[in-house]
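Chemist: I have a structure I would like to understand better, so I am pasting it below and will then ask my questions one at a time.
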Amino acid sequence: MQNAWVGLVGAFAGALIVGISHFLSARSQFKGDKAWERKSLHRAKLEDLYAAVGDLRGAYLEVVAGCVVRMPSERIVAPKEFPVERLRMLVGFYAPEVRRFLPKLEEARLEFGDAMLQLIAKQEMNDAKGWSEGLGCVGGAFKRLDAIFDEMEDELVVLSRRWLEN
């Protein structure tokens with residue numbers, strides 16, 4: 001009779017050990033999957049942020065190109081949207097390391113806006129010499145914006161590499 005109990009207890013202990021090991025394995029796999037999903041989401045959001053920087057650069061480039069190809073008498077048309085809010089949101093949620101660029105970006109955006117207002121004022125006054133000077137100011141303001149965009153993109157590449165390595 002004791003041999004029966006030993007066999008029964010052995011079978012029960014074996015089943016318990018297998019069940020516990022399966023539970024621990026599944027739990028470990030679940031945690032690994034969650035970490036992978038979180039990492040993939042963060043990497044995807046960094047890619048979205050990189051694209052948002054490019055979209056914002058493209059919007060400003062469109063304005064500059066539109067000014068350059070126009071005659072001083074033609075109206076300047078600005079794009080309907082500058083996607084800066086999406087960029088701010090992505091930086092705030094997923095890349096706070098890039099937040100230090102936002103004040104510089106705001107300052108450069110204001111400088112660009114001022115240069116555009118001066119260019120439009122020169123256009124309204126039919127001042128051809130002022131128009132070419134205004135184009136130079138707009139181009140200079142865009143160069144400062146473009147340098148900030150480059151710095152942000154470089155930082156995002158560094159962050160993405162860091163996420164890939166970890």
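The values are calculated or read from the model by the stated rules, or taken from the named source; none is laboratory data. On a predicted model such as this, the values are computed, not experimentally measured, just so you know. Please note: Cβ atoms are built from the backbone with ideal geometry, for glycine as well, and neighbour counts cover all protein chains shown. We work out accessible area using only protein heavy atoms, side chains counted, and drop any ligands, DNA or RNA first. Shrake-Rupley method; radii C 1.70, N 1.55, O 1.52, S 1.80 Å.
Chemist: For the chain, treating each Cα as an identical point scatterer without solvent, what Debye log10 I(q)/I(0) comes out at q = 0.13, 0.14, 0.15, 0.19 1/Å?
Modeler: -0.74, -0.81, -0.87, -1.12
Chemist: Same structure, new question: For the range 142-152, in order, what is each residue's ³J(HN,Hα) by Karplus, 6.51 cos²θ - 1.76 cosθ + 1.60 with θ = phi - 60°, in whole Hz (x at glycine and Pro)?
Modeler: 5, 4, 5, 4, 4, 5, 5, 4, 4, 4, 5
Chemist: Suppose only helical runs count, i.e. DSSP H with n ≥ 4. What mean residue ellipticity at 222 nm does that imply for the chain under -39500 (n - 2.57) per run, divided by all residues and rounded to the nearest 500 deg cm²/dmol?
Modeler: Value at 222 nm, helices only: -31000 deg cm²/dmol.
Chemist: Hey, another quick one. Picking from Tyr50, Leu8, Phe93, whose Cα lies most toward the positive end of the charge dipole for the chain (charges on Cβ: Lys, Arg +1; Asp, Glu -1)?
Modeler: Of Tyr50, Leu8, Phe93, it is Leu8.
Chemist: Given DSSP loops and a limit of at most 11 other Cβ atoms within 10 Å, what is the longest stretch of the chain that contains no such GluC sites (Glu not before Pro)? Intermediate values should be presented prior to the final figure.
Modeler: Values: sites that count: Glu74, Glu81.
My reading of the result: 82-166 is the longest stretch.
Chemist: About the Cα centre of the chain, what is the dipole size in debye to 20, counting +1 per Lys and Arg Cβ and -1 per Asp and Glu Cβ, all else neutral?
Modeler: Approximately 700 debye in magnitude.
Chemist: Which value, in debye to the nearest 20, gives the size of the charge dipole of the range 23-71 about its Cα centre, when Lys and Arg are +1 and Asp and Glu are -1 at the Cβ? Let's see the in-between values first.
Modeler: Numbers: 9 positive and 6 negative charges, 66 e Å.
Dipole magnitude for the range 23-71 comes out near 320 debye.
Chemist: Follow-up. Quantify, in whole percent, the carbon and sulfur part of the accessible surface of the range 49-166 (1.4 Å probe; protein heavy atoms only). Each step should come with its number before you reach the end.
Modeler: Details: 3950 of 6880 Å².
In the range 49-166, the share of accessible area belonging to carbon and sulfur is 57 percent.
Chemist: Then there is this: Taking θ = phi - 60°, what integer Hz values does the Karplus form 6.51 cos²θ - 1.76 cosθ + 1.60 yield along the range 101-111, in sequence order, with x for Gly and Pro?
Modeler: Whole-Hz 3J(HN,Hα) from phi for the range 101-111: 7, 4, x, 5, 5, 4, 4, 5, 5, 5, 4.
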